[in-house]
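Undergrad: Before I ask anything, let me first share the structure, which is written out below as structure tokens.
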Amino acid sequence: MEQHQQSDDIRHFDHCPWLFAEGATEEQRAAQRERQRRVGGDSEIGENCYVAESAAVFPDRLRLGGNSYIAAHAYVTGELTTGTDCTLNPFATVRGTVTLGNGVRVGAHTSLLGFNHSMEPDRPVFQQPLTSKGITLGDDVWIGSNVVVVDGVTIGDHCVIGAGAVVTKDLPAWTVAAGNPARPLRDRRGGAPAVAARGADPLTRFADTARAQATDVIARCWDGDRYVDRPGAPATLRAHCDALEIADLLLGSVPEQLTAEEHGKRLCAVQDPETGLAPELDGPVPTPDADGFIGDGPALYHVLSLGYALDLLGIHFPQPVRGVREMTASQLVERLEGLPWREEAWGAGAWIDAWATAAHWNLRHPAGDGGEAGTLEALFGWLLTRADPWTGMWGSPSPEAGRLQVVNGYYRLTRGSFAQFGVPVPHPERVVDAVLDHARDPRYFGPGRENACNVLDVVHPLWLCGRQLGALGKDGGYRSAEIRAWAERQLAAALPRWHDGKGFGFGPGTSGPGPEPGLQGTEMWLAIIWYLADLLGRADALGYRPRGVHRPEPALSLGAGVRAGS
């Protein structure tokens, strides 16, 4: 029992090493001195330091300044030199030649990679010699979580690097930077944000403007207590989630109205502990249908928006979504057969998007409960056998709406299933044919008629199928010239729609939130612009990449999901 308690204490200090100085017993201090002695190599560790038992520290040379720590599961090799009061947080990786000044904070899961491989064409990469220019960080530098700093970079004193950034170039002192690749946003001392040089790529100019104004765009939609989509609108859960997505995308941080912990607590509190559903703010918990899940309402989309907002915060739904976890394969097939494919294919696709996304969150939940065996496989089996081989889609067009319901339903359906789980879509060439045909419909794509929903529901299928066909950003792929021409037109129309200090409106007319700039329109158009740019091979000029609902990468492979649920 005593040994078990001691092991728990070590794990606690490993993950919270700042507590060690005041909370450790003399026996634990002796064990820590022994841990430091066992580091090996040419190592010198200063006073009041902590090296986690679970950290993999195998340096050639280590100089750890006083009052510094290396936390749980960090990985340190090569030559590391730090000043005083430096911290490597859990799962940080530091390799090659790295030098830190005083008071440097390195966030969890961040990598400082002070080495590289040669890439000469005369031999395989694994046989290439290593090179090392080294990484240097100045004093008072804060590196957020999931950042990558590559070899040869120098980051000046007092810099702050937003979460998820990839730093490939030197940054001067006092710079706040974020994005992939990282770009300067502003000066910590209150100076003006970095502005792209005259004549720079229009995408770069747009992205720099959006970053510089992102804080104001979000603050405009804070009513003093909660987030609203636009001033005067009611507070909604989606508005809070959109604010988090915009801040993550453009600033690499959380909206400044609350701390990250406060954002997480508020959002987790919305989920109903019995059903795992998230109702609208101040609204009732929806009543599940006979099969345990719901058929419509805001809680369906909250599976996406709330789930990914929590994911951006590094946390998860407190509870699995019960109706999806307990649904059997036969119940799912019965539900799929009863969806309104003929009259409302968008609603059918939206339901599948929510169900599959809930299954994805359940598989990633710490409880590891993927649900009834075979249910997820039943979803993909049903979809693959029901896709129309002439269009690659589900549902039928109508004289009244044309292909709108079918194409928009296709986006929602494939976003939550095939794209999210990394499964190839059926008949990708036929999908491209159908989507391009729809994109010529003047009712939805005539001058001034495009809204965020309709454009997103075209660009994502073209991007998804283009990637699968190996033609993304290239000439010579299936109908690539037409795809690129459409993307160019849409991009040219979208960029000027930004309203200074307010962001994007959803679109003209009464569909969705309407034309007034707000959080939903801003979040969606930022993602749309990335996809349009990536279709053209120019997304790098934006310096951002969606990580939430509209992330381009699969969130979970079907193979991993099947193993977890079996």
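The values are calculated or read from the model by the stated rules, or taken from the named source; none is laboratory data. None of these values were measured; they are calculated from a predicted model. Please note: Cβ atoms are built from the backbone with ideal geometry, for glycine as well, and neighbour counts cover all protein chains shown.
Undergrad: Going by the conditions given, is E44 over 21 Å from D170 (Cα atoms) and out of contact with any strand residue (DSSP E or B) (no Cβ under 6 Å at 6 or more places or on another chain)? Let's see the steps before the verdict.
TA: Working: over 21 Å from D170 (Cα atoms): yes; out of contact with any strand residue (DSSP E or B) (no Cβ under 6 Å at 6 or more places or on another chain): no.
No.
Undergrad: Let me ask something else about it. Can you pull out the residues in segment 85-103 that are farther than 18 Å from V160 by Cα and either part of a loop (DSSP other than H, G, I, E, B) or in contact with a Pro (Cβ under 6 Å, 6 or more places away or on another chain) (or both)?
TA: P90, F91
Undergrad: Same structure, new question: Just need a number here: residues in segment 199-229 that are closer than 26 Å to A269 by Cβ and of a type in the set (D, E, K, R).
TA: Of the residues in segment 199-229, 5 are closer than 26 Å to A269 by Cβ and of a type in the set (D, E, K, R).
Undergrad: Might you let me know whether segment 79-87 holds any residue that is in contact with a helix residue (DSSP H, G or I) (Cβ under 6 Å, 6 or more places away or on another chain) and of a type in the set (S, T, Y)? Break it down into steps so the answer makes sense when it comes.
TA: Going through segment 79-87, the residues in contact with a helix residue (DSSP H, G or I) (Cβ under 6 Å, 6 or more places away or on another chain) turn out to be none.
The answer is no; no qualifying residue exists.
Undergrad: I'd like the residue in segment 268-319 that is hydroxyl-bearing (S, T, Y) and in a helix (DSSP H, G or I) and, out of all such residues, is farthest from D229 (Cα to Cα). Lay out the reasoning, then the answer.
TA: Pass one, segment 268-319, residues hydroxyl-bearing (S, T, Y): 275, 287, 301, 305, 308.
When the remaining residues are screened for being in a helix (DSSP H, G or I), the result is 301, 305, 308.
Details: Y301: 15, S305: 14, Y308: 18 Å.
Looking at residues that are hydroxyl-bearing (S, T, Y) and in a helix (DSSP H, G or I), I get Y308.
Residues are listed down the side, and each one gets a yes or a no for (1) modelled with pLDDT under 95; (2) surrounded by 20 or more Cβ atoms within 10 Å (Cβ to Cβ); (3) within 25 Å of A359 (Cα to Cα):
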position: C465; (1), (2), (3): no, yes, yes
position: G470; (1), (2), (3): yes, no, no
position: K474; (1), (2), (3): yes, no, no
position: G509; (1), (2), (3): yes, no, no
position: I529; (1), (2), (3): no, yes, no
position: D540; (1), (2), (3): yes, no, no
position: G543; (1), (2), (3): yes, yes, no
position: E553; (1), (2), (3): yes, no, yes
position: G561; (1), (2), (3): yes, yes, yes
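Undergrad: OK, next. Given the residues L456, L495, L464, L526, which is the only one that is in a helix (DSSP H, G or I) and either more than 23 Å from A243 (Cβ to Cβ) or hydroxyl-bearing (S, T, Y) (or both)?
TA: Values: L456 fails: either more than 23 Å from A243 (Cβ to Cβ) or hydroxyl-bearing (S, T, Y) (or both); L495 fails: either more than 23 Å from A243 (Cβ to Cβ) or hydroxyl-bearing (S, T, Y) (or both); L526 fails: either more than 23 Å from A243 (Cβ to Cβ) or hydroxyl-bearing (S, T, Y) (or both).
From the options L456, L495, L464, L526, the qualifying one is L464.
Undergrad: On the basis of being of a type outside the set (F, W, Y), under 18 Å from W525 (Cα atoms) and assigned by TED's automatic domain parsing to the domain that holds H499, does A278 make the cut? Before the answer, list the steps.
TA: Details: of a type outside the set (F, W, Y): yes; under 18 Å from W525 (Cα atoms): no; assigned by TED's automatic domain parsing to the domain that holds H499: yes.
No: the conditions fail for A278.
Undergrad: Go over the candidates G40, G78 one by one and state the one that is outside any helix (DSSP H, G or I) and buried (at least 20 other Cβ atoms within 10 Å of the Cβ). Give the derivation first.
TA: Working: G40 fails: buried (at least 20 other Cβ atoms within 10 Å of the Cβ).
When all the criteria are applied, what remains is G78.
Undergrad: So which residues in segment 266-319 are in contact with a helix residue (DSSP H, G or I) (Cβ under 6 Å, 6 or more places away or on another chain) and hydroxyl-bearing (S, T, Y)?
TA: T275, S305
Undergrad: In addition: If you take the residues of segment 359-377 that are among the small types (G, A, S) and surrounded by fewer than 19 Cβ atoms within 10 Å (Cβ to Cβ), which of them is modelled with the lowest pLDDT? Working first, answer last.
TA: Going through segment 359-377, the residues among the small types (G, A, S) turn out to be 359, 367-368, 370-371, 373-374.
If we keep only those that are surrounded by fewer than 19 Cβ atoms within 10 Å (Cβ to Cβ) too, we end up with 367-368, 373-374.
Details: A367: 76, G368: 67, A373: 85, G374: 90.
Going through the qualifying residues, I end up with G368.
Undergrad: Filter segment 491-506 down to the residues that are more than 17 Å from P231 (Cα to Cα) and over 24 Å from the mean Cα position of the chain (by Cα), then identify the one that is surrounded by the fewest Cβ atoms within 10 Å (Cβ to Cβ).
TA: P496
Undergrad: Determine the pairs where a residue that is within 13 Å of L277 (Cα to Cα), located within segment 303-318, has a partner that is hydroxyl-bearing (S, T, Y) and surrounded by 24 or more Cβ atoms within 10 Å (Cβ to Cβ) with Cβ atoms under 7 Å apart, the partner being 6 or more residues away or on another chain.
TA: Partner pairs satisfying both residue conditions: V303/T357; L304/T357; G307/T357.
Undergrad: With in a loop (DSSP other than H, G, I, E, B), of a type in the set (G, A, S) and buried (at least 23 other Cβ atoms within 10 Å of the Cβ) as the only criterion, which of G448, G395, G409 stands out? Quick ask: steps written out before the conclusion?
TA: On the way: G448 fails: buried (at least 23 other Cβ atoms within 10 Å of the Cβ); G409 fails: in a loop (DSSP other than H, G, I, E, B).
Answer to the selection: G395.
To keep it simple, each residue is scored yes or no on (1) in contact with a strand residue (DSSP E or B) (Cβ under 9 Å, 6 or more places away or on another chain); (2) charged (D, E, K, R).
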residue	(1), (2)
G395	no, no
Y410	no, no
F418	no, no
D433	no, yes
D441	yes, yes
Y444	yes, no
E450	no, yes
C453	no, no
L456	no, no
